[in-house]
Amino acid sequence: MTQGLAQERSRRFEQAVRHFEVAESLYHVQRNPLGQAEALRHLGRGQYLQGDTSQARLTYTRALAGFARLHHTPGIAGVYEDLGQLYGAQQKWPRALSSYVRALATWQSLAQPASAARVLTSVGLAHREQRQYSRALYYLRQALRHGQQQHDSTRIREALAGMGGVYQAVGNQELALRFYEQALEHLQPRAAPEIQVELLQRLAATQLTTGQVTAAEQLLQKALPLARRSASKALLSSLYHQLADLYRGQGRYAQSLAALTRYAGLQDTVFAEERAAQVAEMQTRYETEKKERAIQLLTKDRQLQRANLQRQMLVRNVLGVGILLLLALAAGLYWSRRQQARINRLLQRKNAAISRQKEQLAHLNNTKDTLFSVISHDLRSPLSSLYSLLTLLNMGKLPPERLAAHSSRLSRGLDSTLRLLDNLLNWSAAQMRGSSVHPEALRLDTVVEEALALLLGDAERKTILLLNQIPVPTTASADLNMTRLIVRNLISNAIKFTPDGGTVTVSAARQGKWWEVAVADTGVGIAAADHAKVFGLGGPYSTLGTARERGTGLGLQLCKDFVERNGGRIYFESQPGVGTTFRFTLLAAQAEATPRPMLQLAGAPSAVDAE
């Protein structure tokens, strides 16, 4: 076993695999099941590093079964970590996430904070690869907290770099740059060259995006000797390609050509190495599939016999269904006569409903007049501010610090105005189309994740923690655009009335054939005297947010309208000074898959999907 580990550290994977195979055989002869399971785990890792991912997965499965028979919890957790790494390399991120979550649960049950922090980072990165950014930030922050408590610079650096990648993915380059720079400060000189080069490349790419070309070039030049020391042709090739793009953007075409020439030369070697690895993996897959085909042939006769039995049962069932259809036809004729009488009664009710609708139309006209008067006032204010700022800029008398302050305030005002216009357009379209709804099967967890990513910047400005506790998957039947507006308005409203350092939590629970979605905040709450005004029953109702944000009360009125158009209901619970919880229901989609429960973390909310 020791010789195999030494060969693995020297990157001689073929020799390492042979030593691990011998060790596994010897442990089997000695009847040492724990040693055999450990040898199988190392053998699987050697096969994975060698590029034989299919065989590595089978070996890991054998190792997992051995540890499970012995109830050896640390070994089980280690194998699940290895499986997560293997599935991640294959871009199978849902399976990788499932393996990492099991490993994390096991390490937490063993009270191993160092191992739990390592897996927390992996869970966060797996969420990031699936564009579940709020959940990725939640786990990465947990990993950062564990690393800081243990003064583990490696865990701190991995968590900071992962958070930088999340903000880079959502387009917030300033925050991404800040986290990458913090990660670089915790980078140890003894860290593997591959790790150092990857962090330097990410930081350089972010600096290029923010216009810091010179700093980006210095980082890439610093990464070149590290890449050469790693002996990775692919890593060195990517560096030269990044340098070529940088030089071309600066008009330094001679240097760009030189970098591209080195990149092309390295690509041939990289392509040859990748092709050899692919050929080896394909051969292994062919042998595995050949064995599987043999097993399938042995079971084919049994399947044919079952098919014949099923065919006979089908004929019998068809005859029974035919008889039932005849009976149903006779019952339908009888029912149609009764329906005719019912239709006559319904016509009378419709006539009474027309009279009521006439009164409702008059009320709607009054409501629209009030709304447009409020909207005209809210649109005029940011436009006047913008006109004043442009006038001061043309005069050339505005100091930089005042320009920054006015720009920040104007940006928030325009953001609020854009959301107001979005609500207005949706409200107008809903009024013109009447009750036109287009229900479809949609993923509520994905809709919530999109809304959280969109409002991430607003939450960061007020240091508000966004928690996503929607089970995965959560499938509902509703109009997609209406659902997006409902979720976005409720989360935005919660952020508006939550003070700095607060929390906004989105969760869902199954209630029979309905999904009940809850948006809870730790904000200022709603006074009991104002409960009847929230949904605009007596006209638009709005108050200032905790950061003096303005609104018109149109958003919650739209939420109520759209929830009811989709057959659900919306209501809220609030306690002044404690917070408010808005709840709405949507019909669950038919044949919905059972949601995969998320892992419970120590100190985390009740369902562990959060930001």
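So how many residues does the stretch 133-172 have that are open to solvent by 30 Å² or more (accessible area, probe 1.4 Å), over 25 Å from Gln108 (Cβ atoms) and assigned to a helix (DSSP H, G or I)? Qualifying residue count for the region: 2. If we scan the stretch 447-460, do we find a residue that is within 21 Å of Gln590 (Cβ to Cβ) and in a strand (DSSP E or B)? No, because not a single residue in the stretch 447-460 is within 21 Å of Gln590 (Cβ to Cβ) and in a strand (DSSP E or B). The set of residues from the stretch 200-209 being open to solvent by 30 Å² or more (accessible area, probe 1.4 Å) and in contact with a Leu (Cβ under 6 Å, 6 or more places away or on another chain) is empty. Of all residues in the stretch 203-213, those satisfying the criterion of being farther than 15 Å from His241 by Cβ and assigned to a helix (DSSP H, G or I) are Leu203, Thr206, Gln207, Thr209, Val213.
Residues that are open to solvent by 50 Å² or more (accessible area, probe 1.4 Å) and within 31 Å of the chain's Cα centre (by Cα) within the stretch 60-74 comprise Thr61, Pro74, listed in sequence order. Restricting His72, His28, His42 to those that are touching a helix residue (DSSP H, G or I) at 6+ places or on another chain (Cβ under 9 Å) and within 24 Å of Ser232 (Cβ to Cβ) reduces the list to His42. Please specify each residue of the stretch 117-132 satisfying the condition of being assigned to a helix (DSSP H, G or I) and either open to solvent by 10 Å² or more (accessible area, probe 1.4 Å) or modelled with pLDDT of 90 or more (or both). Residues satisfying the conditions are Arg118, Val119, Leu120, Thr121, Ser122, Val123, Gly124, Leu125, Ala126, His127, Arg128, Glu129. Listed by first and then second residue, the pairs with beta-carbon distance under 8 Å, at least 6 apart or on different chains, first residue in the stretch 486-504 and in contact (Cβ under 8 Å) with a residue 40 or more places away in the chain and farther than 17 Å from Arg583 by Cβ, second open to solvent by less than 10 Å² (accessible area, probe 1.4 Å) and in a helix (DSSP H, G or I), are Ile495/Ala459. When Gln348, Gln339 are screened for being modelled with pLDDT of 70 or more and loosely packed, with under 10 Cβ neighbours inside 10 Å, only Gln348 passes.
Within the stretch 196-214, the set of residues being in contact with a helix residue (DSSP H, G or I) (Cβ under 7 Å, 6 or more places away or on another chain) and farther than 14 Å from Leu184 by Cα comprises Leu208, Thr209, Thr210, Val213.
Scanning the stretch 488-515 for residues that are part of a strand (DSSP E or B) and among the charged types (D, E, K, R) yields a single hit, Arg510. The set of residues in the stretch 431-490 that are open to solvent by 30 Å² or more (accessible area, probe 1.4 Å), of a type in the set (A, V, I, L, M, F, W, C), modelled with pLDDT of 90 or more and within 23 Å of Pro94 (Cβ to Cβ) comprises Ala441, Leu480.
Take the residues in the stretch 553-576 that are of a type in the set (Gly, Ala, Ser) and modelled with pLDDT under 90; name whichever of them is surrounded by the fewest Cβ atoms within 10 Å (Cβ to Cβ). It comes out as Gly553.
A quick yes/no check of all residues on (1) in a helix (DSSP H, G or I); (2) within 20 Å of Glu194 (Cα to Cα); (3) at pLDDT below 80:
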residue	(1), (2), (3)
Leu220	yes, yes, no
Ala227	yes, yes, yes
Leu236	yes, yes, yes
Leu243	yes, yes, no
Leu246	yes, no, no
Gly249	yes, no, no
Leu257	yes, no, no
Tyr263	yes, yes, yes
Gln267	yes, yes, yes
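Would you mention how many residues in the stretch 216-225 are closer than 29 Å to Val170 by Cβ and either hydroxyl-bearing (Ser, Thr, Tyr) or surrounded by 15 or more Cβ atoms within 10 Å (Cβ to Cβ) (or both)? Residues meeting the conditions: 5. When we screen Arg69, Arg31 for residues that are at pLDDT 90 or above, assigned to a loop (DSSP other than H, G, I, E, B) and out of contact with any Phe, Trp or Tyr (no Cβ under 6 Å at 6 or more places or on another chain), the only hit is Arg31. Taking the criterion of being in contact (Cβ under 8 Å) with a residue 40 or more places away in the chain and either more than 18 Å from Pro94 (Cα to Cα) or charged (D, E, K, R) (or both), the residues of the stretch 123-157 that qualify are Arg128, Glu129, Arg131, Arg135, Gln142, Arg155, Arg157. Across the stretch 179-199, not a single residue is classified as of a type in the set (A, V, I, L, M, F, W, C), within 22 Å of the chain's Cα centre (by Cα) and surrounded by fewer than 22 Cβ atoms within 10 Å (Cβ to Cβ). Test Pro193 against the stated conditions and say whether it is in contact with a Lys or Arg (Cβ under 6 Å, 6 or more places away or on another chain) and either at pLDDT below 90 or closer than 30 Å to Pro473 by Cβ (or both). In short, yes.
Take Gln108 and decide whether it is open to solvent by 40 Å² or more (accessible area, probe 1.4 Å), polar (S, T, N, Q), in a helix (DSSP H, G or I) and farther than 19 Å from Leu467 by Cα. Yes; evaluated as a whole, the condition is true for this residue.
Residue-wise test of (1) open to solvent by 50 Å² or more (accessible area, probe 1.4 Å); (2) of a type outside the set (A, V, I, L, M).
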{"residue": "His28", "(1), (2)": "yes, yes"}
{"residue": "Gln36", "(1), (2)": "no, yes"}
{"residue": "Ala39", "(1), (2)": "no, no"}
{"residue": "Tyr48", "(1), (2)": "no, yes"}
{"residue": "Ile76", "(1), (2)": "no, no"}
{"residue": "Gln85", "(1), (2)": "yes, yes"}
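Every condition in (1) at pLDDT below 95; (2) in contact with a helix residue (DSSP H, G or I) (Cβ under 7 Å, 6 or more places away or on another chain) is met by Thr498 except one, and the failing one is (2).
The values are calculated or read from the model by the stated rules, or taken from the named source; none is laboratory data. As the structure is a prediction and not an experimental result, all values here were calculated from the model. Please note: Cβ atoms are built from the backbone with ideal geometry, for glycine as well, and neighbour counts cover all protein chains shown. When the accessible area is computed, the model is the full protein with side chains, heavy atoms only, and any ligands, DNA or RNA have been set aside. Shrake-Rupley method; radii C 1.70, N 1.55, O 1.52, S 1.80 Å.
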